[in-house]
Each structure stands twice: as C-alpha cells, then as structure tokens.
Amino acid sequence: MMILDEDGEKAVRLARRVVDAHLTEFASPGTAYVGDASNDNDDNYELSRNTEGCGVFVTLNYLDSHKQEHLRGCIGFPSAEKSLYRSLIEASIAAATQDPRFSPVDKKELADIVFEVSILTPPVEIKVQNPMDYLNVIKVGRDGLILTWRDGSGLLLPQVPVELKWDTEEYLANLCYKAGAPPDIWLMSDSKLFSFQASIYKESCPKGDVVRVRL
C-alpha cells in the first residue's frame with residue numbers, strides 16, 4: 001500500500017476540522033451525528049484513489065505541560081466498509097466522543113490534543129502450522145494485529161507495541177487482554193490472528209505540522 005504523504009496530511013487536517021466543528025455545533029457530548037461538519041465535495045480534503053479499500057483509526061493524544069502524550073481516545077474501522085473519507089469523519093467524532101474508556105472531549109481541550117490518523121491495509125489471516133510459529137512470523141513495528149476467538153475479538157495498531165516496548169510474546173498477550181481473553185488464547189487452535197500494516201500520520205504538536213510516523 002502506497003499512501004501519499006499529501007493524503008496523510010489531508011486526513012489529519014480533516015480529522016481535527018471535523019471534531020472541532022462537531023464539538024462547536026453540538027452541545028450534547030456523544031452525539032453520533034455526521035453531516036454538516038464536513039462536505040464530501042470539499043476539494044481541500046479530497047483523498048486520492050490510493051486510499052480506496054483502506055481502513056482507518058483516529059487517535060487523540062493529550063499533551064501535558066511536560067510535553068508527554070496521554071491517550072485521550074482511539075476509534076476506527078479495520079475494514080473498508082465505506083469510503084475512507086466517510087470512515088475518517090465517523091472515526092474522528094467517535095474517538096472524541098464515544099471511546100468508552102474516556103469521558104467525551106471538551107472543545108477547550110482541543111488546543112492540547114495531538115491528532116493522529118492510521119490508514120490501514122486490509123487484514124490478512126496469518127496461516128501457520130503451529131501457533132508458536134506466530135512468534136517468528138509477526139514483526140513488531142510492521143504488523144498491526146487482530147485476534148478473533150470464540151467469545152470476541154481485539155485489535156492493536158502497529159505503533160502500540162513499539163511505544164510500549166513490547167516483544168512479540170508481550171504483544172500477543174496484550175492483544176488477548178484487549179480481546180477480553182486469557183493471555184495465551186492465541187495458542188488455541190480455534191483462535192485466529194490477522195495482520196495489517198498502517199501508514200501513520202500525526203501532528204508534531206497540537207495544530208502543528210503533520211509528519212509521517214516511522215516505526
């Protein structure tokens with residue numbers, strides 16, 4: 001997948017624009033409205049065909065007085081059920097208002113929030129003969145992962161194990177926790193693992209230049 005840096009910058013700018021408009025126009029936090037906060041015909045945010053078929057996640061990080069980032073919301077769609085443009089709009093609003101781990105973002109917080117957008121390749125099932133082979137196939141810093149098991153599923157973006165300095169086994173254990181499963185459920189024959197890659201773009205500081213994140 002070759003994502004143009006121009007598309008990455010547009011995606012991040014659009015994410016901030018949509019959240020700002022949503023929090024300005026709708027006083028009720030968590031409103032699942034998507035509409036006038038953006039315009040599908042706005043050429044300034046039109047994405048190229050390179051983004052067709054891609055999933056997307058929007059991550060909001062709060063920048064404290066010590067310039068340390070803290071997760072403030074992250075929501076997305078691993079598969080391309082809609083256009084990336086429309087998915088990005090919905091994920092941006094959801095990340096700001098519907099992440100169950102956090103209270104909805106207040107407009108006054110936006111001056112201290114760094115926007116990050118991950119554009120995903122379609123997930124592909126990882127096929128191995130023995131589950132222990134996953135440790136040799138999965139590459140930290142390249143692969144995002146999805147785990148499905150009998151009672152649910154979980155997803156971690158490829159930047160997460162890099163930021164938290166996990167090795168592959170720690171990555172898999174935490175993926176299991178994310179899926180609401182025991183840490184070794186990935187070893188079970190009825191569990192499935194899927195990998196994807198991501199082009200990651202984020203603001204260098206709130207409202208700052210957009211840069212591509214290299215893992």
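The values are calculated or read from the model by the stated rules, or taken from the named source; none is laboratory data. The structure presented is a predicted model; accordingly, all values stated were derived computationally and were not measured. Heads up, the Cβs are rebuilt from the backbone with ideal geometry, glycines too, and the neighbour counts pull from every protein chain shown.
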ask   = Failed condition for LYS82, given (1) outside the structural domain of PHE57 (by TED's automatic domain parsing); (2) free of Cβ contacts under 8 Å to residues at least 24 places away in the same chain, with all others met?
value = (1)
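On the basis of being more than 15 Å from the chain's Cα centre (by Cα), modelled with pLDDT of 95 or more, in the same structural domain as ALA21 (by TED's automatic domain parsing) and not polar (S, T, N, Q), does ASP99 make the cut?
Criteria not met by ASP99.
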query = Which one is modelled with the lowest pLDDT, of the residues in the range 63-80 that are over 22 Å from LEU155 (Cβ atoms) and either polar (S, T, N, Q) or surrounded by 14 or more Cβ atoms within 10 Å (Cβ to Cβ) (or both)?
reply = SER65
ask   = Checking TYR201 against (1) of a type outside the set (A, V, I, L, M, F, W, C); (2) buried (at least 22 other Cβ atoms within 10 Å of the Cβ); (3) at positive phi, which test does it fail?
value = (3)
ask   = Looking only at residues in the range 19-54 that are surrounded by 11 or more Cβ atoms within 10 Å (Cβ to Cβ) and either among the charged types (D, E, K, R) or at pLDDT 95 or above (or both), which one is farthest from TYR201 (Cα to Cα)?
value = GLU25
inquiry  = Can you find a residue that is over 13 Å from the mean Cα position of the chain (by Cα), at pLDDT 95 or above and within 30 Å of TYR45 (Cβ to Cβ) anywhere in the range 124-141?
reply    = yes
